[in-house]
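Asks: Here it is, the structure in full.
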Amino acid sequence: MKTALFSTKSYDREYFSQCNIDVKHSLTYFEESLNVNTAELTKGYEAVCVFVNDKLDKHIIDKLSENGVKLIALRCAGFNNVDLKAAFENNIKIVRVPAYSPQAVAEHTVALILTLNRKTHKAYNRIREGNFSVEKLIGFNLFNKTVGVIGTGKIGIAFCEIMLGFGCKILAYDIIESDILKMKGVVYKSVEEILADADIISLHCPLTPQTNHIIDREAFSKMKKGAMLINTSRGALIKTSDAIDALKNEQLGYLGIDVYEQEEKLFFRDLSENIIQDDILLRLIGFPNVLVTAHQGFLTKEALDQIAVTTLKNISTIEDGECSENEVKHESGKN
Ligand code: NAD
């Protein structure tokens, strides 16, 4: 299928081109995101392939339809960035990659926890400057700590399994409980109970109207003083301005985020020579107990390979007029 890929980076081009050798779709790579200014580029394409920060609102989707686009192939799991209603009204199908490597994101979550806790990023910089002092690098044992997990789908399960290996006690909340995790000793509790008891809280639920700002001022006030909060899911699960207040009054002890509410203006770009205008992010970066990574949880060789393989297969399935198990239905609601 003639497909325009937006927001592509060198690694997207490498993995998609490699996986497309046998599949032979006609792929055109654009570095630009899909937005009002670039929607015109879709003329003549049957499919667009987009990523997490391409915002496909009604206006863009109407334009895609006008240009003859019949398929939106998301090369990610979440679909909160697509106006599903507008797509279905325009008879445009949507496919996604529901699972490419839950371990990739789960392992990055653990990397954030270990870095914040054992301060290896600070030690690395100290040693490079000939500073071999270990003052102020005190961490805590993960063994026997209580970890709260909100969202125990594919990534949440993979994360729980790793943390069980550290000897942590796991409390979880999900609208659908996992029997596998229960058998492994994970205990399901309410969000309130998790906030009150967990030393580390990790978010693995999708962004929906129900989970938007699930961690806000009230939630911070219910947490254990000095708790660690990790978000590798979607930025708007946390109300960032409230997180800043919680860090300032030391209610929140550590914050590790791979996603950020306003990330689409920043992440995946080299802005090192620019004046960053986002004062909230700059305030966050200024805290010694905050670690921000720019949405790289998915970035492993295995995940990139699986994303390309599944996306190209999704496109082939729709091209062949078959039903794809990875199709997003309108009833799925906002993710
Ligand atoms: P999944 O669909 O397998 O699991 C999501 C879980 O959240 C499900 O068990 C679901 O029941 C639960 N859930 C839904 N609504 C909830 C609610 N209101 N409260 C509590 N739980 C709720 O998805 P997944 O593959 O585990 O991915 C989880 C999220 O991780 C995705 O939605 C995406 O936002 C994010 N993600 C991030 C990266 C990254 O690079 N950082 C990569 C992939 C996915």
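The values are calculated or read from the model by the stated rules, or taken from the named source; none is laboratory data. Predicted model, so just to flag it, every value in this text is computed and none were measured. The protein model used for the area step is the full one, side chains on, heavy atoms only, and it has no ligands, DNA or RNA in it. Shrake-Rupley method; radii C 1.70, N 1.55, O 1.52, S 1.80 Å.
Asks: Calculate, for the chain, the solvent-accessible area per residue in square angstrom, rolling a 1.4 angstrom probe over the heavy atoms of the protein chains. Don't jump to the answer; show the numbers that get you there.
Replies: On the way: 16220 Å² over 335 residues.
Ligands and nucleic acids excluded, the figure is 48 Å² per residue.
Asks: Something else about it: Quote the accessible area belonging to residue 216 in square angstrom, nearest 10, computed with a 1.4 Å probe and with ligands, DNA and RNA left uncounted.
Replies: Accessible area, nearest 10 Å²: 50 Å².
Asks: For the range 102-292, with all protein chains present and a 1.4 Å probe, just round the carbon and sulfur fraction of the accessible area to a whole percent. If you can, show how the numbers build up before the last one.
Replies: Numbers: 5180 of 9590 Å².
With neighbouring chains kept in place, the figure for the range 102-292 is 54 percent.
Asks: List the residues whose amide H sits under 5 Å from the amide H of residue 148, counting only those 5 or more places along or on another chain, with H placed 1.01 Å from N in the peptide plane.
Replies: Result for residue 148 returns 171, 199, 200, 201, 202.
Asks: Could you state the angle between the C-alpha long axis of helix 10-23 and the longest principal axis of the C-alpha atoms of the chain, as a value from 0 to 90 degrees rounded to the nearest 10?
Replies: It is inclined by approximately 50 degrees.
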